[in-house]
Amino acid sequence: MSIELLLLAVLASMSCVALMIAINSRGRWRATLSSLMAVCMLGGTIWVFTLQYNLADAFEVPADRAERPRSERARAAEQHQEQQAGELAKELARLRQEKAGNAAMMNSLIAEATEFSAALMRERLHDPLFSHGQLVARATAAEQRFEALQREINGSTLILENYPAAAKLLGEAMGDLRAACHFYRAYYFAENTDGEIRTERLLRERAKSAHETLLKAKRAVADNG
């Protein structure tokens, strides 16, 4: 029991005692004085009880009101954190999707160049079924295919910047493919058989070198993953 409640109980007991004394008083003056004191005690007791009740209510209500804003602020903070977490998750998903798309485009360029290098390695330069002009036209078509691939690579600078190691290897491979196309065309204008053999060997070597470099570029893209 708290001290406040104990004092209130004592005060109430004293008021009851004062009433009992007033009731049991004999004589006019004694009864009047006892009644006056009993009324004062009773009034004081009522006033103290009322004051104590008001003070208790004043302390409890603000605490409840203060607790409510804290709870609302906590909920608002949790909602804000959840919103930030959701936005972060969306941004991470977007970045992963963008990175996957860039890797796919980079691999597509490398695959196209790899296929071209493989075609040059297995190209049959001497074919009696075709005329000299037709064979030169095939070499010209190979050069045109190379130029188209080079333009596509030049137009993909933003993709290449994301894969600097693979882009460097791709550039080296394109240099070998350019030389291979040059030797492909030069084969048909060689002065003799020795020139044809030498030119064809250089073509195969450059095409093979490009092919091996492109395989390294593909692994570089995967490592950057």
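The values are calculated or read from the model by the stated rules, or taken from the named source; none is laboratory data. As the structure is a computational prediction, the values presented were derived from the model and not from experiment. All Cβ positions, glycine included, derive from the backbone under ideal geometry; neighbour counts span all protein chains shown.
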For segment 173-225, which residues satisfy the criterion of being within 16 Å of A141 (Cα to Cα) and charged (D, E, K, R)? R178, R185
Only one of these is surrounded by 10 or more Cβ atoms within 10 Å (Cβ to Cβ), acidic (D, E) and at pLDDT 80 or above: E78, E67. Name it. E78
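Only one of these is in contact (Cβ under 8 Å) with a residue 40 or more places away in the chain, within 19 Å of D223 (Cα to Cα), in a helix (DSSP H, G or I) and among the hydrophobic types (A, V, I, L, M, F, W, C): L177, L135, L160. Name it. Lay out the reasoning, then the answer.
Details: L177 fails: within 19 Å of D223 (Cα to Cα); L135 fails: within 19 Å of D223 (Cα to Cα).
None of the other options fit; the residue is L160.
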Residue check: is K208 in contact with a Leu (Cβ under 8 Å, 6 or more places away or on another chain), in a helix (DSSP H, G or I) and either outside the structural domain of Q134 (by TED's automatic domain parsing) or surrounded by 15 or more Cβ atoms within 10 Å (Cβ to Cβ) (or both)? no
